[in-house]
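Asker: This is the structure I want to talk about, given as structure tokens.
The values are calculated or read from the model by the stated rules, or taken from the named source; none is laboratory data. Source: prediction; values computed, not measured. Cβ sites come from the backbone with ideal geometry, for glycine too, and all protein chains shown count toward neighbours.
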Amino acid sequence: MEEQGLVVRSGHVSALRLFDLAYEIDLRRAEELWAQRTAGATARARLAGTPSKAVSFGVPPLALALGPVPVALGASTVQAEASVRLYDFGIAAIALHLPAQDLSWSAFTALVNRTDGAVGPAAGTEVWDGLLARLRDVLGEALDRPTATPLQEDYLIAVVNAFGEPITAETLQQRVDLVPLLSGEERPLSEGARRDLLAQRFSYHPDDLAVITWDRAFILEPRRETDVADVLEMANAQLLELRSYDEMLDDELPRMRALVEAARSRTNLLASRRYARLARQLHTLVAEVTELAERVDNALQVTEDVYLARVYAAAMGLFRVPQVSAAVDRKLEIIRQTYTALHGEAAGGRAELLEIAILLLIAVEIVLSLIRH
């Protein structure tokens, strides 16, 4: 491929790390706390290049600027701009934006891979830990049931806003090899692996392009709109939250079985009361998880923008969000069935108690009548 002379005039590399920060986040309180303690700017996120009627957030996330952060890229240090978006269902999406100006295509690809090596999943966590600690310190009062050891998701986005010359998406794909940037691999990949990596390609105008994979994306966006990147972040946030529900239910199911077995092993007149108490606990758990899962499902509604809808659907498929959601639904159904069984046993236990009480009353009446005669 003839990439000689092709210069990335302006762009950036965004490293995302998402944390399951809490069960829920009170965004209004978080906004107040941030303004009081940092005097920093806040904003409710929206998709800049898309009409609100075409795409809408269920509850718009809260965007906060975290300021410059030094990032060591090998022997050099780059000042990255840090920001975070807080989602009401408990996710904090922290982003590090590293500028890219006047770089050859090979140098831009190297910047992407060096960024991944510096702050990606296999790198140290010092930068992320510092930003997360700062958020927890300032926003603690806005966090409902903070997570001690939060789950995480990482995603890397390479964005080009302008090349040194006008270029269409089709010409760009002919002149450069996107595979090293999207895979992080230095060795050549097989044709099958290349096809899989480049399978999800999208363009709306002749001069824009989005290529997404399960852990990286390349975006050519000369109009400097961030809608595709925002949609990818949202899909990652939904994945992470559903993963947290899945793990919570994984922990809850063995505990539930142990409680049920313990209740059944102790047969006495109060068993029905124990069954009823367990049933109420399970009903509360199902109600909470179902409500929050529905909120996650409705976090972003793409109605009239066909292009973003395709990108969003592809991202959800690549991230296997439907499969994780189905796993959560299966576990919720197990808990619902257990609740129904316990509710039935509690009702049966109450009926048995009533029958025993009636028999005792009859026996007492017989004894009293015998005594009188």
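Asker: Out of Val119, Val84, Val71, report the one residue that is under 24 Å from Asp144 (Cβ atoms) and either surrounded by 17 or more Cβ atoms within 10 Å (Cβ to Cβ) or within 24 Å of the chain's Cα centre (by Cα) (or both).
Answerer: Among Val119, Val84, Val71, only Val84 is under 24 Å from Asp144 (Cβ atoms) and either surrounded by 17 or more Cβ atoms within 10 Å (Cβ to Cβ) or within 24 Å of the chain's Cα centre (by Cα) (or both).
Here is a yes/no grid of residues against (1) assigned to a strand (DSSP E or B); (2) touching a Pro at 6+ places or on another chain (Cβ under 8 Å); (3) among the β-branched types (Val, Ile, Thr); (4) touching a residue at least 12 places away in the same chain (Cβ under 8 Å):
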position: Leu156; (1), (2), (3), (4): yes, no, no, yes
position: Gln173; (1), (2), (3), (4): no, no, no, yes
position: Gly192; (1), (2), (3), (4): no, no, no, no
position: Leu242; (1), (2), (3), (4): no, no, no, yes
position: Glu247; (1), (2), (3), (4): no, no, no, yes
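Asker: From the residues in the stretch 294-324 that are under 21 Å from Val211 (Cα atoms) and part of a loop (DSSP other than H, G, I, E, B), which one is modelled with the lowest pLDDT?
Answerer: Residue satisfying both the conditions and the ranking: Asp305.
Asker: What number of residues within the stretch 128-151 are in contact with a strand residue (DSSP E or B) (Cβ under 6 Å, 6 or more places away or on another chain) and either within 20 Å of Ser104 (Cβ to Cβ) or not in a helix (DSSP H, G or I) (or both)?
Answerer: Residues flagged as in contact with a strand residue (DSSP E or B) (Cβ under 6 Å, 6 or more places away or on another chain) and either within 20 Å of Ser104 (Cβ to Cβ) or not in a helix (DSSP H, G or I) (or both) within the stretch 128-151 amount to 7.
Asker: Take the conditions assigned to a loop (DSSP other than H, G, I, E, B), of a type outside the set (Asp, Glu) and in contact (Cβ under 8 Å) with a residue 60 or more places away in the chain and apply them to Ile167. Does it pass?
Answerer: yes
Asker: State which residue pairs qualify: first residue within 11 Å of Asp246 (Cα to Cα) and inside the stretch 312-334, second residue basic (Lys, Arg) and in a helix (DSSP H, G or I) in any location, beta carbons under 7 Å apart, and separation of 6 or more residues or different chains.
Answerer: Val324/Arg243
Asker: Another question, then. Take the stretch 141-154 and flag every residue that is surrounded by fewer than 20 Cβ atoms within 10 Å (Cβ to Cβ) and either of a type in the set (A, V, I, L, M, F, W, C) or free of Cβ contacts under 8 Å to residues at least 12 places away in the same chain (or both). Steps first, answer last, please.
Answerer: Here is the first cut: in the stretch 141-154, the ones surrounded by fewer than 20 Cβ atoms within 10 Å (Cβ to Cβ) are 141, 144-152, 154.
Passing the criteria: Ala148, Thr149, Leu151.
Asker: Here's another thing I want to ask about it. Determine which single condition Ala54 fails, assuming it passes every other condition in (1) at pLDDT 95 or above; (2) of a type outside the set (Lys, Arg); (3) in contact with a Ser or Thr (Cβ under 7 Å, 6 or more places away or on another chain).
Answerer: Among (1) at pLDDT 95 or above; (2) of a type outside the set (Lys, Arg); (3) in contact with a Ser or Thr (Cβ under 7 Å, 6 or more places away or on another chain), Ala54 violates only (1).
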